[in-house]
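Right, one structure below, let's go through it.
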Amino acid sequence: MKIINLKKEFEEKIIKDTLTVLKNGGLVIYPTETCYGIGADATNPKAVEKIFQYKSQRRGKPILIAVASKQMAQNYVKINEIAENLYQNFLPGPVAVVSKSRGKVVSRIESTIHTLGIRIPDYPLVLTIIRAFGKPITSTSANTSGKKTPYSLEDILKYTSKKRLGLIDLFLDAGKLPSRPPSTVVDTTLNEPTVLRQGEIVIPDIPGQTFVSNSEEQTKLIAQEILEKYKNLLISKPLIFALQGELGSGKTQFAKGLGQALKITSNIPSPTFIFFREYPYKTASNQGIFYHLDTWRMEKGEELLDLGFKKMLGPTNVIAIEWLQKVKSILEEISQKTKVCLVWVTIEILSETKRRINYCTAI
């Protein structure tokens, strides 16, 4: 693997060497405004196969591509009105727009329903390289499956096997990048824009989403699915799940699902009589504390602060709050003044076993 220090090499030489690798079907690790990505010619089947070998990624899981402009994107996807709005307002930047593919890239990059996610990185050197190459390159984080998101050369070397490092032809070293969440991914192929992965950029005017659960186990699985959408934010802020619902609606089951997603093996009972419980957790990408609070016995919202709530608001921590009605105004105030991701979850009883679960976000 050849390493080019971007601070010490002339840009012309950097671009020339990168283009040589891409044209020969090689792999390049490059910096972006989010993290280090791994790039290959998105129209070259052999190059794309190397990406999947490096990532150790299952078939059927799509990969984003990076282009230099909306005009280039139009050659590869069908841009509708929803997508047009996103391109105009958020790109270049850490947002990926999923549209119907025109079938001009390697099919493995697309989803099984032939959609394709496109990024325009907010990184001038990368845009210059893509323009000079004249074709899109892959835009997936340069970590192998399940490993830490890479923000430096050291991250790559520490968490990548020698065998996989052998697949990399060139590393464009910009030094240690700021630790930021990956890009927000928005599907524009449906009637409403749908956030598939929440990143640092929040797309406004997207309504809350709704699930229907037919059992306690399904409620837990829904909680895990919702957490999966927001887990990338944990690197820079805590996640707060504000749970609303009648007695017996399943708020504690939802909290248990969050705990399972965080690989917590101990039982998670309701903390009604002690106000809160805490559970250290460690996953492949994060470690922190899961706080489970119940404010039912509180007489006023300020009691939440008396519990030391603000000390719980560290990055990587996950907080589930049951019976939030008494502390709702406090939470809203905190979310406006503090760097948090606040997910409002409403659980409605439809029958003895059936629940409607709606969630929306304030970030």
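Some points to look at:
- Residue count for the range 79-101, restricted to those that are surrounded by fewer than 15 Cβ atoms within 10 Å (Cβ to Cβ) and more than 23 Å from residue 123 (Cα to Cα): 2
- Of the residues making up the range 269-292, those that are among the aliphatic types (A, V, I, L, M) and modelled with pLDDT under 95 number 2.
- Evaluation of residue 105 against the conditions (1) more than 21 Å from residue 151 (Cα to Cα); (2) of a type in the set (Val, Ile, Thr); (3) out of contact with any Pro (no Cβ under 9 Å at 6 or more places or on another chain) shows that the sole unmet condition is (3).
Here is a yes/no grid of residues against (1) assigned by TED's automatic domain parsing to the domain that holds residue 97; (2) free of Cβ contacts under 8 Å to residues at least 40 places away in the same chain; (3) out of contact with any Gly (no Cβ under 8 Å at 6 or more places or on another chain):
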| residue | (1), (2), (3) |
| --- | --- |
| 18 | yes, no, yes |
| 27 | yes, no, no |
| 36 | yes, no, yes |
| 44 | yes, no, no |
| 81 | yes, yes, yes |
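- Exclusive hit being farther than 14 Å from residue 241 by Cβ and surrounded by 13 or more Cβ atoms within 10 Å (Cβ to Cβ), set 361, 265, 346, 316: 316
- Test: residue in the range 217-225 that is farther than 18 Å from residue 318 by Cβ, in the same structural domain as residue 286 (by TED's automatic domain parsing) and part of a helix (DSSP H, G or I): yes
- Any hit, the range 55-68, residues being of a type in the set (Ser, Thr, Tyr), surrounded by fewer than 23 Cβ atoms within 10 Å (Cβ to Cβ) and touching a Pro at 6+ places or on another chain (Cβ under 9 Å): no
- For the residues 83, 66, 73, the requirement of being under 18 Å from the mean Cα position of the chain (by Cα) and among the small types (Gly, Ala, Ser) singles out 66.
- None of 314, 308, 288 is assigned by TED's automatic domain parsing to the domain that holds residue 219, under 29 Å from residue 179 (Cα atoms), out of contact with any strand residue (DSSP E or B) (no Cβ under 8 Å at 6 or more places or on another chain) and small (Gly, Ala, Ser) except 308.
- Of residues in the range 191-213 being at pLDDT below 80 and charged (D, E, K, R), the one surrounded by the most Cβ atoms within 10 Å (Cβ to Cβ): 200
- When the range 250-276 is limited to residues that are small (Gly, Ala, Ser) and in contact (Cβ under 8 Å) with a residue 24 or more places away in the chain, the one that is farthest from residue 222 (Cα to Cα) turns out to be 270.
- Count of residues meeting criterion [charged (D, E, K, R), under 27 Å from residue 283 (Cβ atoms) and touching a residue at least 24 places away in the same chain (Cβ under 8 Å)] in the range 295-338: 2
- Where residue 256 falls short, out of the listed (1) at pLDDT 95 or above; (2) more than 29 Å from residue 160 (Cα to Cα); (3) surrounded by fewer than 19 Cβ atoms within 10 Å (Cβ to Cβ): (3)
- Every residue from the range 161-183 that is of a type in the set (Ser, Thr, Tyr) and buried (at least 19 other Cβ atoms within 10 Å of the Cβ): 183
- Annotation for the range 147-156: no member residue is touching a residue at least 24 places away in the same chain (Cβ under 8 Å), assigned to a strand (DSSP E or B) and either aliphatic (A, V, I, L, M) or closer than 23 Å to residue 238 by Cα (or both).
- Tally, over the range 114-134, of residues that are over 21 Å from the mean Cα position of the chain (by Cα) and at negative phi: 10
- Subset of the range 233-259 [polar (S, T, N, Q) and within 16 Å of the chain's Cα centre (by Cα)]: 236
- Scanning the range 276-295 for residues that are surrounded by 17 or more Cβ atoms within 10 Å (Cβ to Cβ) and in a loop (DSSP other than H, G, I, E, B) gives 286, 295.
- In a residue-by-residue description of the range 53-75, the property of being modelled with pLDDT under 95 and of a type in the set (Phe, Trp, Tyr) applies to at least one position.
The values are calculated or read from the model by the stated rules, or taken from the named source; none is laboratory data. Note that the structure is a prediction, hence the values are computed from the model and not measured. All Cβ positions, glycine included, derive from the backbone under ideal geometry; neighbour counts span all protein chains shown.
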